[in-house]
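The values are calculated or read from the model by the stated rules, or taken from the named source; none is laboratory data. Since the model is a prediction, treat every value here as computed from it, not as a measurement. Using ideal geometry, Cβ is built from the backbone for each residue, glycine included, and neighbour counts are taken over all protein chains shown. Surface accessibility is based on the protein's heavy atoms, side chains included, excluding ligands, DNA and RNA. Shrake-Rupley method; radii C 1.70, N 1.55, O 1.52, S 1.80 Å.
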Amino acid sequence: MQPSAPSPAPSPAPSAAPRFDERLTAPRSWWVIVVLVGLSGGLIMFPLGTVPLLGGLIVASVLAGMAVSSYGSARIRVVAGSLVAGDARIPVTALGAAEVLDAEGALAWRTHKADPRAFMLMRSYVPGAVRIVVTDPADPTPYVYLSTREPAALVAALDAERAGAEG
């Protein structure tokens, strides 16, 4: 048997593990509102008897819970050379400088400084945010605004992913 030639080292595959992963969950106080909506549904059905009362309680609670859960299911991820925010997937090569916004800056960019062409994944109950310039000339979106509880970590993950994509 002849010795085989050494095979070249496999090239490192892009990491499938996200560099940043955050779920923008609804605040706990919203779940109190879900309970109150459920109780209201039960009280509305109270004059019709016990079974309708329980049905109203269950149906109203489930519908309100689904609404809160759906709103709170937005995710922001930096993975495989892309920024994934909600339904949007943007390659990090199409993104420019990222700016960490404090509570005042985030409020300003959500209101009077906002551009209607921008992609915004905002949650008013999250005080911090990141604004990322879009550098792709074919994309009319001037920037991406993302509410996040960890803006510095998101910017660091974007910088690390961009460095990995370029290198």
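The shape of the chain comes out oblate: with a ≥ b ≥ c from the C-alpha gyration tensor, a/c is at least 1.5 while a/b does not beat b/c. Around the amide H of LEU95, modelled in the peptide plane, lie the amide H atoms of THR135, all under 5 Å away and 5 or more residues distant in sequence or on another chain. Each label was represented as a point 7 Å from its Cα along the Cα-to-Cβ direction; for ARG110 and ASP159 these points are 2.6 nm apart. In this Cβ point-charge picture (+1 for Lys and Arg, -1 for Asp and Glu), the stretch 14-167 has a dipole of about 400 debye about its Cα centre.
So if R0 is 25 Å, what FRET efficiency would ARG89 and SER29 give, r being the distance between their Cβ atoms, rounded to the nearest 0.05? The calculated FRET efficiency here is 0.20. Comparing Cα centroids, the stretch 91-167 and the stretch 23-39 end up 28 angstrom apart. Each residue of the stretch 38-50 is assigned a 3J(HN,Hα), and the resulting list reads x, 4, 5, x, x, 5, 4, 8, 3, x, 8, x, 5 Hz, derived from the Karplus form 6.51 cos²θ - 1.76 cosθ + 1.60 (θ = phi - 60°), x at Gly and Pro. Ordered by solvent-accessible area of protein heavy atoms (1.4 Å probe), largest first, the residues LEU53, LEU83 come out as LEU53, LEU83. Using only the Cα atoms of the stretch 80-167, build the gyration tensor, take square roots of its eigenvalues as a ≥ b ≥ c, and label the shape rounded, prolate or oblate: rounded if a/c is under 1.5, else prolate if a/b is larger than b/c, else oblate. Judged from the Cα gyration tensor, the stretch 80-167 comes out oblate (a/c at least 1.5, b/c at or above a/b).
Amide hydrogen proximity for MET120: with H placed 1.01 Å from N in the peptide plane, the residues at 5 or more positions away or on another chain lying under 5 Å are TYR145.
Phi angles of the stretch 126-143 translate, via the Karplus equation with coefficients 6.51, -1.76, 1.60 and θ = phi - 60°, into HN-Hα couplings of 9, x, x, 7, 10, 10, 10, 6, 9, 9, 5, x, 7, 9, x, 6, x, 7 Hz per residue; Gly and Pro are given as x. Among ALA108, VAL130, PRO142, whose Cα projects farthest towards the positive end of the dipole of the stretch 78-167, with charges put on the beta-carbon of Lys, Arg (+1) and Asp, Glu (-1)? Towards the positive end, the residue furthest out is ALA108.
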